[in-house]
Amino acid sequence: MKRTPMTLRGAEQLREELRRLKSEDRPRVIKAIAEARSHGDLSENAEYHAAREQQGFIEGRIGEIEGKLSACEIIDPSTIADTSRVVFGATVEIEAEEDGKRVTYSIVGEDEADIRAGRISITSPIARALVGKSEGDVVIVAAPGGNRTYEIVAISYR
């Protein structure tokens, strides 16, 4: 089985969601189903059908999270030896050659990516272009609006 990289922070977020689903959301929906059943005829009971649909979603999400956690390889970026190369978990500051705008990204797993927070997925075009490169290297990223060129300004592991 292929191991999927995930940061320690990302794994903790998934564990917290799993805990919430199992200890809060699941019991709440089971109670809603029992209450809807008490109203009688289930064939025309919208509350019952809505609660069953929500239960299906919760059970599916629980299974999905458990699968991801069992197949992940947790990587703590702060323990990565300074390789001076971009690797999973690295925080990279890049500068666009077109306008000189600087931006900082942390390379994380797919489930933890949030571009607004500066976290990009290891499978994103920018991350794929950066991995393996060093400070001062210039990378070309294929973007929807055409190729973009960036210079790697700094690499850190936090």
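The values are calculated or read from the model by the stated rules, or taken from the named source; none is laboratory data. Owing to the predicted nature of the structure, the values given are computational and were not obtained by experimental measurement. Cβ coordinates were reconstructed from backbone atoms using ideal geometry, including for glycine residues, and neighbour counts include every protein chain displayed.
Just give me the residues in region 60-78 being more than 14 Å from residue 11 (Cα to Cα) and without any contact (Cβ under 8 Å) to a residue 12 or more places away in the chain, in sequence order. Selection gives 60, 63. Of the residues making up region 97-152, those that are among the hydrophobic types (A, V, I, L, M, F, W, C), surrounded by fewer than 17 Cβ atoms within 10 Å (Cβ to Cβ) and more than 26 Å from residue 65 (Cα to Cα) are 103, 131, 138, 140, 142, 143.
The one condition from (1) under 30 Å from residue 138 (Cβ atoms); (2) surrounded by 14 or more Cβ atoms within 10 Å (Cβ to Cβ) that residue 79 does not meet is (2). Any residue in region 37-49 that is aliphatic (A, V, I, L, M), surrounded by 15 or more Cβ atoms within 10 Å (Cβ to Cβ) and part of a helix (DSSP H, G or I)? No. The single condition among (1) assigned by TED's automatic domain parsing to the domain that holds residue 132; (2) of a type outside the set (D, E, K, R); (3) exposed (fewer than 13 other Cβ atoms within 10 Å of the Cβ) that residue 87 does not meet is (3). Contact map, region 1-16: residues that are within 12 Å of residue 68 (Cα to Cα) paired with residues that are surrounded by 15 or more Cβ atoms within 10 Å (Cβ to Cβ) and among the small types (Gly, Ala, Ser), Cβ distance under 7 Å, separation 6+ or inter-chain. Pairs shown: 4/109; 5/109; 6/109; 10/109.
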